[in-house]
Amino acid sequence: MVVALGFVWTLPNTVLGLLLGALTFQVPRLHEGALVFDRSARGLTRGLRAANRTAMTVGFVIVSAVPVEGRLLAHERHHIRQYMVWGPLFIPVYLLLAIGFGYRRHPMERAARAAAGEPD
């Protein structure tokens, strides 16, 4: 029930994630409750690499320039849990925190790294 409510709460973000996923020109796969676009670095995922980023999560959608597995999967799944809490407020809150903290010290990123067992 909680997951269903979280899914509905973040549905606007998931729709945006689907639009971004379509820009990868890939067929997604369903993996552990997430729709994952990680087949190859094409379209938007090539842009992620150019920006020195590996993956991004938008709602229940993960777009990645590399296969999503292991720690990366745990990291991105934590962002999905954050989206379930914040819903449509996630993106504005994330961007505001990015202004104040940057990427490495961003509280949401630090929490995702900790959830994935990544060094901080």
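Residue by residue, here is whether (1) aromatic (Phe, Trp, Tyr); (2) assigned to a helix (DSSP H, G or I); (3) open to solvent by less than 50 Å² (accessible area, probe 1.4 Å) holds:
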residue	(1), (2), (3)
Arg53	no, no, no
Pro67	no, no, no
Ala74	no, yes, yes
Arg77	no, yes, no
Phe90	yes, yes, yes
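Count of region 13-32 residues, restricted to those that are within 12 Å of the chain's Cα centre (by Cα) and open to solvent by 70 Å² or more (accessible area, probe 1.4 Å), is 2.
The residues of region 8-34 that are outside any loop (DSSP other than H, G, I, E, B), hydrophobic (A, V, I, L, M, F, W, C), touching a residue at least 12 places away in the same chain (Cβ under 8 Å) and out of contact with any helix residue (DSSP H, G or I) (no Cβ under 7 Å at 6 or more places or on another chain), listed by number, are Leu11, Val15, Leu16, Leu18. Can you find a residue that is open to solvent by less than 60 Å² (accessible area, probe 1.4 Å), part of a loop (DSSP other than H, G, I, E, B), without any contact (Cβ under 8 Å) to a residue 12 or more places away in the chain and more than 20 Å from Gly33 (Cα to Cα) anywhere in region 96-110? The answer is yes; a qualifying residue exists.
Evaluated against (1) more than 21 Å from His78 (Cβ to Cβ); (2) part of a helix (DSSP H, G or I); (3) in contact with a Ser or Thr (Cβ under 9 Å, 6 or more places away or on another chain), Arg42 falls short on exactly one condition, (2).
Somewhere in region 73-90, is a residue touching a Gly at 6+ places or on another chain (Cβ under 9 Å), under 23 Å from Ala115 (Cβ atoms) and among the charged types (D, E, K, R)? Yes, region 73-90 contains at least one residue that is touching a Gly at 6+ places or on another chain (Cβ under 9 Å), under 23 Å from Ala115 (Cβ atoms) and among the charged types (D, E, K, R).
The values are calculated or read from the model by the stated rules, or taken from the named source; none is laboratory data. As the structure is a prediction and not an experimental result, all values here were calculated from the model. So basically every Cβ, Gly included, is an ideal-geometry build from the backbone, and we count neighbours across all protein chains shown. These area figures cover heavy atoms from the full protein model, side chains too; ligands, DNA and RNA do not enter into them. Shrake-Rupley method; radii C 1.70, N 1.55, O 1.52, S 1.80 Å.
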